[in-house]
Amino acid sequence: MHCSFSLSLPLILLLLSLPSSIPSASTTNSHHANKQPPINAPKPINTIAPSEAEALFKIMDSMSSDQNWRISHPNPCQPGSSWPGIECKVGKDNYLHVSRLDFGTPPNPTCKKTATFPSQIFALPYLQSVFFFNCFTHTKTTLTVPQNRASPASLQQLSLRSNPALVGPIPPQISTLKSLEILTLSQNRLTGPIPLEIFSLGSLVHLDLSYNMLTGTIPYQLGSLRNLQGLDLSYNMLTGAIPNTIGQLGLLQKFDFSSNSLTGGIPDGIEKLSLLVFMALSNNKLGGQFPKGLEKLQSLQYFILDGNPIHSPLPLEFGKLVKLQELRLADSGYSGTIPESFSQLKNLSTLSLQNNRLMGEIPVGFGSLSHIYHMNLSRNMLGGVVPFNSSFLKRLGRNLDLSGNPGLCLSPSEAHSSKIGVNVCGKNNNASSIQPWKKSQAPSGLSKPLFLFTALCVWGLHQMLFLV
């Protein structure tokens, strides 16, 4: 008894020293439990949702034959090996989602000859931007927006440019793309009228339908696009008047209606566009008077109105648009004199007034337009001495055209500066004496033939005497 106790004492002491270093069963189980992943662990973020991947593969198979996308890029959004022309973003579900697609030119996927518009893009729920440039070139196709499918609420930009095989109308179903901010359908072969439904896209900031074959009028519903900043309807076959509701687009900075068949005048509502920087209406059938509030367009820098049958005097109000950089009013039948107020356009770089019926002298103040680099006053009925010094003539060089104004002449002191299409005062090509026309000396309709006949007689007499 005594022996057994004495033998077990060291063992007891050893056991007493062990609990602090040996974990209990409960402690061990708790430690392993902390290493187990939680039941709702986030999914890895380098994969794309299977349904979205399958839609993307179908789009690529129909559009591009650059490579076998399923084999070469089985995971389209994988960082470091994602497809060219694709951008992906992580969603709240921790999957990668397609946010942008680009087709057309390298490094983006090029489009095969049989490519047609893939309406499957609207099945990509997180898509924000899609671009098709020079993509549909051989096989005719139409822009199709599925009617019974929920369109992606995230789509902000849809751009189809330079697609000669994209034909047919703009579908009214485009109105289902409620989040669109930029809609570009330019340089295609779209036909038919502008659908009224397009004007329900209240988020639009930029609308470009230029270089198509659209017909009909510009709907008055245009005024409902209150967020619009850029509007381009140029190079179509639109007719009728510019709706006065354009004045409701208070944020508009640029609009281009050039090269259509628009009639009537510039609407008075235009004066409300206080942020307007660029206005182009060239090559239409516009006429009549300018709007009375033209001078209110104090942000305007580019005004392009050449090629319209305006047939009126140049408005004095242009001289109050002090930010103007380009003023193009050629080929429009303007009459009368060039207003002196045009000399106040100190920021003007381009002035085109050619092929009108302008009379009188060139305003002296034009010579002090320090930013001007292109001036064309040719083919008018201007007269007098050209009011430009040698420095001005040298700076513009060939960018100054005064030809086709028989009453204009250049001061002999500036004759060496540049060829600007006018003769030197006092001499013509035959070294005969000429004088500049002045307001009090310009030949009238009845006296001009007599004036020319007398001049010819004097010249003939001079030649006869010289030969004798």
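The values are calculated or read from the model by the stated rules, or taken from the named source; none is laboratory data. Given the structure is predicted, the values throughout are model-derived calculations rather than measurements. We place every Cβ from the backbone using ideal geometry, glycine too, and count neighbours over all the protein chains shown. Calculation scope for accessible area: heavy atoms of the full protein, side chains included, ligands and nucleic acids excluded. Shrake-Rupley method; radii C 1.70, N 1.55, O 1.52, S 1.80 Å.
Things worth noting here:
- Region 279-393 holds strands (runs of 3 or more DSSP E) entirely within its bounds, and those carrying 3 or more residues that are among the aliphatic types (A, V, I, L, M) map to 381-385.
- Only one entry in L166, L190 is in contact with a Phe, Trp or Tyr (Cβ under 6 Å, 6 or more places away or on another chain), crowded, with 19+ Cβ neighbours inside 10 Å, more than 17 Å from S129 (Cβ to Cβ) and in the same structural domain as A115 (by the TED database), namely L166.
- Region 79-101, subset modelled with pLDDT under 85 and open to solvent by less than 70 Å² (accessible area, probe 1.4 Å), residue nearest to F132 (Cα to Cα): P84
- Subset tally (residues that are out of contact with any strand residue (DSSP E or B) (no Cβ under 8 Å at 6 or more places or on another chain) and surrounded by 17 or more Cβ atoms within 10 Å (Cβ to Cβ)) for region 196-221: 2
- The set of residues in region 154-182 being in a loop (DSSP other than H, G, I, E, B) and either of a type in the set (S, T, Y) or out of contact with any helix residue (DSSP H, G or I) (no Cβ under 9 Å at 6 or more places or on another chain) (or both) consists of S154, Q156, S162, N163, P164, A165, P169, S179, E181.
- Residues within region 204-224 that are assigned to a loop (DSSP other than H, G, I, E, B) and touching a Ser or Thr at 6+ places or on another chain (Cβ under 6 Å), tallied: 2
- Counting the residues of region 142-163 that are β-branched (V, I, T) and surrounded by fewer than 17 Cβ atoms within 10 Å (Cβ to Cβ) gives 2.
- Tabulated pairs, region 175-202, first at pLDDT below 95, second acidic (D, E), C-beta under 7 angstrom, 6+ apart or interchain: S175/E197
- Meets criteria (over 15 Å from the mean Cα position of the chain (by Cα) and farther than 19 Å from Q253 by Cβ) for Q173: yes
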